[in-house]
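*Asks:* I am attaching a structure below and will ask some questions about it afterwards.
The values are calculated or read from the model by the stated rules, or taken from the named source; none is laboratory data. Computed from a predicted model, the values in this text were never measured in an experiment. For neighbour counting, all protein chains shown are included, and Cβ atoms are generated from backbone atoms with ideal geometry for every residue, glycine included.
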Amino acid sequence: MTGTRAGELRIEGLRAEVAGREILHGIDLHVRSGEVHAVMGPNGSGKSTLSHVLMGKPGYTVTGGSVTLDGVELLSLPTWQRAQAGLFLAMQYPVEVPGVSVDDLLTEALAAAGRDVTVVHTEVAAEAERIGLATRLLDRPVNVDLSGGEKKRNETLQLAVLKPRFAVLDELDSGLDVDALRACARRVEAATTESDLGVLAITHYHRLLDELRPDVVHILVKGRIVATGGPELAAELERTGYAAWTDEEAEAQPEAPKARAIDPSMHPGAGGPGGMFGDPFADPLA
Amino acid sequence: MPTPPDAALASPAPAWLDERRRAVAARIGEPTLPSTDEEVWRYSRVADIDLDDWTPVDPGAVAGVPEEVHDLLAALPERAAVVVVRNGVVVHAEVAPAYESLGLFAGRLVDGPTGEEALGAVAGEGPDVFAALNDAHLADPVLVSVPAGVTVDRPVLVVDWVDAEGAAVYPRLVVRLGADAQADVLDWHGSADVAALVAPVIELDVAAAARLGYANVQVRGGRVWQVTSQLSRVERDGTLTSAQAGLGGEYARTRTDCRLVGRGATGTLQAVYFGTDSQTLDFRTFQQHAAPDTTSNLLFKGAVDDSSRSVYTGLIKVEKEARGTNAFQTNRNLKLSEHAWAESVPNLEIETNDVRCSHASTVGPIDEDQRFYLESRGVPTEVAERLVVAGFFAEVLEGLPVRDVAPLVELAIEQRLGRGID
């Protein structure tokens, strides 16, 4: 194991289980500031578990490994302190919070960090303009009655205002149209140069990576990183599918439980790439 | 044994009121409090109430507007009229001239238009012995009356203040809207830090096509025991929008009866409540549909913290002639501590087929996904919980019939939340 260093999100040997079943069997990922890493994998590979475990969502038990952000161990911190340490999670299914506006939310988050909250309203309005989120939607409670695309734009807006050091994007490309995808991806990409944001983009599909160009691509199958390469790896995956990886893994590993079955946030009908059936590369909006 | 009501009065009341009180006192005789074996008193703390512990107030000894009430009135400057009741006695009444000339009356019922007829017109003999005791002991009932066709576009404030240690207090408020009239009434129930037994009766009489908004904010001190009856009647095409905030009292019970007696009448009944320490907040609701095409919509939302308790039981009753009824009843409870306890029992009783009814009730902790979402943005846990709870109540507070009071209720809830969630 190499030592921690500044400007790095470092995941070492991360193991985690849900309800007594191990889902992540030892994940190693090193993302430096300004880099974009894609983690691609089929359904049930542990993608959402990885994003939830990084942020400390209740219901998951970490059984081994470490996650450091600029040298700070995150796994021993409560969720809100991980966020204050510089981690952001753009959720696959952003939660509706009745009665709480995005201004209220960001004001409390920045106040807890001792940052200037007088600029929140202006910054939210400016980012909404930049990301293409209608300003009338900003008066609504967070995510309430927003479309899939509006929710993802709203997640991106919060990322832009909070200016985290690293962002985990959990299926940012699910449940939104191509215009919204482009707007969100471009804003995130801009943050990688403007504020040196490091990105871990977790996705099932290639189309996010057409907009948000990764420096490194990892393939996650059944709770393990089975391959790491440059952007060409995503292109290869686009041609050959996951079959090569999953068949090989299926012989080596007992069947891992499907994340869909145990993840409470992935309720049916929530939108997003639905299926355990059919072509895993099919565009859900096609 | 309570003092006979006539002996308690120092200043002379009209003969009809004396006569009425005597008749009620004779009817109820030696009052017997109900038992928790009765369904409507199940889970209540009526067994802890002993009438002998409390002394009726001497109305002659009550005068002046308390300092705390001045502060409240200063916070609500936009008003058509204000009535201040202290320990059941009217100590101040004032109607803005512009509204007086429209015919608005707000003050002592004995001085008001058709006061004798108005008193008890909705309540009748009352639903229980506490309402009957109110009838027997009421010192100085309040009347708010709006003539037919008149719109009162600023709220009428009634401040019901209790500051007599050891007192039994029986406030009565009668609100009457004539046909096609419109008004909003804020009924503020506050107190000094005293031990008292308060049994208010509130009568809301909504004539044809009239529109009444009624907001009750109950922020009595922590040693007050209160048993309230809120009784309403809505005539043809009339609308009642009632909202309660139940925050104070050691034990505070409100029975809400909304009787829709005219075709097309609507009753919207909402409440927020928040229990802390050892409080018990107790709500019983009756949505009674007695005419066709009537609509009732009830939403009661509460939170219990520390070792507090809440009780909600509700009945939707649709009578045979009430075809085309829409009736909805929702009660949601947040349990913020492992020692807190909330009971929720919805019920339906339907005697016709042509109805649309639903009821729903939940008791549970703060939504974990909502809290996680806020925390994932860097909001500290206790702040996230405060936001989620405040958001839980927002749905009701945004619809308060007297808009100006929403910030005061939000503040009162925040103060309870600010004590910290376990």
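*Asks:* If you check B:E78, B:E116, B:E125, B:E94, which single one turns out to be at pLDDT 95 or above and either assigned to a helix (DSSP H, G or I) or of a type in the set (D, E) (or both)?
*Replies:* Only one candidate qualifies: B:E94.
*Asks:* Okay, moving on. Looking for something surrounded by 16 or more Cβ atoms within 10 Å (Cβ to Cβ), of a type in the set (S, T, N, Q) and under 14 Å from the mean Cα position of the chain (by Cα) - is there at least one such residue anywhere in region A:199-209?
*Replies:* yes
*Asks:* Just one of A:R260, A:R224 is under 21 Å from the mean Cα position of the chain (by Cα), at pLDDT below 50 and not polar (S, T, N, Q); which is it?
*Replies:* Within the list A:R260, A:R224, the selection yields A:R260.
*Asks:* Sticking with this structure for a sec: Kindly provide the set of residues from region A:132-177 that are modelled with pLDDT under 95, outside any loop (DSSP other than H, G, I, E, B) and basic (K, R), ordered by number.
*Replies:* Selection gives A:R136 alone.
*Asks:* Among the residues of region B:316-330, how many are without any contact (Cβ under 8 Å) to a residue 40 or more places away in the chain and assigned to a strand (DSSP E or B)?
*Replies:* 6
One line per residue, one yes/no per condition, for (1) surrounded by 19 or more Cβ atoms within 10 Å (Cβ to Cβ); (2) in contact with a Cys (Cβ under 6 Å, 6 or more places away or on another chain); (3) at pLDDT below 95; (4) within 14 Å of chain A (Cβ to nearest Cβ):
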{"residue": "B:Y373", "(1), (2), (3), (4)": "yes, no, no, yes"}
{"residue": "B:S376", "(1), (2), (3), (4)": "yes, no, no, yes"}
{"residue": "B:P380", "(1), (2), (3), (4)": "yes, no, no, yes"}
{"residue": "B:L387", "(1), (2), (3), (4)": "yes, no, yes, yes"}
{"residue": "B:E395", "(1), (2), (3), (4)": "no, no, yes, yes"}
{"residue": "B:R403", "(1), (2), (3), (4)": "no, no, yes, no"}
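*Asks:* Can I ask one more? If the Cβ limit is 6 Å and pairs must be 6+ apart or interchain, which residue in region B:182-206 that is closer than 18 Å to B:T256 by Cβ pairs with which residue that is of a type in the set (S, T, Y) and part of a loop (DSSP other than H, G, I, E, B)?
*Replies:* As it stands, the answer is B:A199/B:Y170, since those pairs meet every condition given.
*Asks:* Checking the condition more than 14 Å from chain A (Cβ to nearest Cβ), assigned to a loop (DSSP other than H, G, I, E, B) and not hydrophobic (A, V, I, L, M, F, W, C), which residue from B:T352, B:T313 passes?
*Replies:* B:T352
*Asks:* Kindly establish whether B:P346 is assigned to a loop (DSSP other than H, G, I, E, B), in contact (Cβ under 8 Å) with a residue 24 or more places away in the chain and under 21 Å from the mean Cα position of the chain (by Cα).
*Replies:* Against the criterion (assigned to a loop (DSSP other than H, G, I, E, B), in contact (Cβ under 8 Å) with a residue 24 or more places away in the chain and under 21 Å from the mean Cα position of the chain (by Cα)), B:P346 does not qualify.
*Asks:* So, of the residues in region A:52-66 that are more than 15 Å from the chain's Cα centre (by Cα) and more than 8 Å from chain B (Cβ to nearest Cβ), which turns out to be surrounded by the most Cβ atoms within 10 Å (Cβ to Cβ)?
*Replies:* Only one residue fits best here, namely A:Y60.
*Asks:* Further question on the same structure: Out of the residues in region A:22-45 that are in a loop (DSSP other than H, G, I, E, B) and modelled with pLDDT of 95 or more, which is surrounded by the fewest Cβ atoms within 10 Å (Cβ to Cβ)?
*Replies:* A:G34
*Asks:* Related question: Inspect region A:111-132 for any residue being at the interface with another protein chain (Cβ under 10 Å from one of its Cβ atoms), under 19 Å from B:L374 (Cα atoms) and in contact (Cβ under 8 Å) with a residue 40 or more places away in the chain and give the result as yes or no.
*Replies:* The answer is no; no qualifying residue exists.
*Asks:* Going through region A:121-172 one residue at a time, which ones are at negative phi and acidic (D, E)?
*Replies:* Once the filter is applied, which keeps residues that are at negative phi and acidic (D, E), region A:121-172 yields A:E123, A:E127, A:E129, A:D139, A:E150, A:E155, A:D170.
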